Amino acid sequence: MTTTTAGSGRRTVQRPGDRIFTGSTLAAGALILVILAGVAVFLLTNAWPAVAADPADVPGGNGVIAYTVPLVFGTLLGASLALLMAAPLAVAIALFISHYAPRRLASLLGYVVDLLAAVPSIIYGLWGFTVLAPKTVGLSVWLEEHLGFLPFFSGPASSTGRTMLTVGIVLGVMILPIITAVSREVFLQTPRLHEEAALALGATRWEMIRMTVLPFGKPGVISASMLGLGRALGETMAVAIVLSASPGLMSLNLISSSNPSTVAANIALQFPESSGLAVNTLIFTGLVLFAITLAVNMLARWIIARRAEFSGAN
């Protein structure tokens, strides 16, 4: 394969290494799509018997939709709570690392943040169960006494701390490194001329960040938050260890001992003892979670693509 150089009329021969690299990357991209399609086909095939079955035969006796909706509700509630806690803190940490901390301290903090992302989820779950849950009992009692008029804290407060509030905190700690790392890299890509121009006009460091860094990094922060949300939606073991779940329950109460379960945790807990139609029902819930996570990640990639169209100043 040859290409013509504009204005010179000369032809540049593409090297064999370039062709091999191009072909291998194309094959790798196609392989990802094939695997994704295969997973979707597997889930659809194995979930269909639960959809077509008599509702009375499905676990719970009310059909597959009635079985799935409370699990989806619990999944979205826990993930949203985690994102609400983690996103503002992650942005603050990223700004400190990128624009406030001395270089050596920034490098150390960046390393620690990346290290937190590598901690297995089972460790977070054990920490949440043994350390965090007992310490949230007092907080839950205080929330019930002072904010019990809100549906989130109506109580009665759990005596063990294994509540949706604890799960939200654990998931928030888990997704904090992801949002922080991506936001930090986005903030560091802010055009230097923009920052210098703001400082030259007399802006303080915070005013410079507010006028240049945050507007420039807003799409990146949103995409990082969406990636963190996708991570929280699919978390399994940490939720299964910490949460005291009540199957089929839909409640906004965050401090009660009766909590809605999540899709991933329910699959992990129920699958070993399930058979027949019960397995198909669990696979259907997995299909729903697959669709939700895929939609979240596609939205994040769309935001990143829009961000890439902005060239900025160099």
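FYI, it's all coordinate maths here, none of it is from the lab. All figures in this text were calculated on a predicted structure; none of them were measured in a lab. Quick reminder, even Gly has a Cβ in these numbers, built from the backbone with ideal geometry, and neighbours come from all protein chains shown.
One decimal place: the segment Tyr111-Phe271 gains 53.8 nm when fully extended, by the rule 0.36 nm per residue minus the C-alpha distance. Paramagnetic label reach from Ala101 (point 7 Å along Cα→Cβ; backbone nitrogen cut-off under 13 Å): within region 55-93, residues 90-93.
Pairs of alpha carbons in region 16-308 separated by more than 28 Å make up 50% of all such pairs.
For Phe42 and Ala305, a Förster radius of 41 Å and the Cβ-Cβ distance give a FRET efficiency of 0.90, rounded to the nearest 0.05.
Using 0.36 nm times the number of residues separating Lys218 and Ser246, minus their current alpha carbon distance, what extension gain do you get?
Working: separation 28, 0.36 × 28 = 10.08 nm, distance 3.83 nm.
Gain on extension, Lys218 to Ser246, equals 6.3 nm.
Highest mean packing first, where packing is the average number of other Cβ atoms within 10 Å per residue, the peptides 105-114, 29-38, 288-297 line up as 288-297, 105-114, 29-38. For Asn259, the residues 5 or more places off, or on other chains, whose built amide H falls under 5 Å of its own are Ser246.
Using every pair of distinct Cα positions in region 67-173, the Kirkwood expression returns a hydrodynamic radius of 15.8 angstrom. Computed about the Cα centre, the dipole magnitude for the chain is approximately 1280 debye when only Lys and Arg (+1) and Asp and Glu (-1) carry charge, each at its Cβ. With R₀ set to 30 Å, the beta-carbon distance separating Leu147 from Val69 gives a calculated FRET efficiency near 0.65. Normalised by the number of residues in the chain, the average gap of Cα pairs under 8 Å and 6 or more apart makes the relative contact order 27 percent. For Phe21 and Met298, the FRET efficiency from 1/(1 + (r/R0)^6), where r spans their Cβ atoms and R0 equals 35 Å, is about 0.80.
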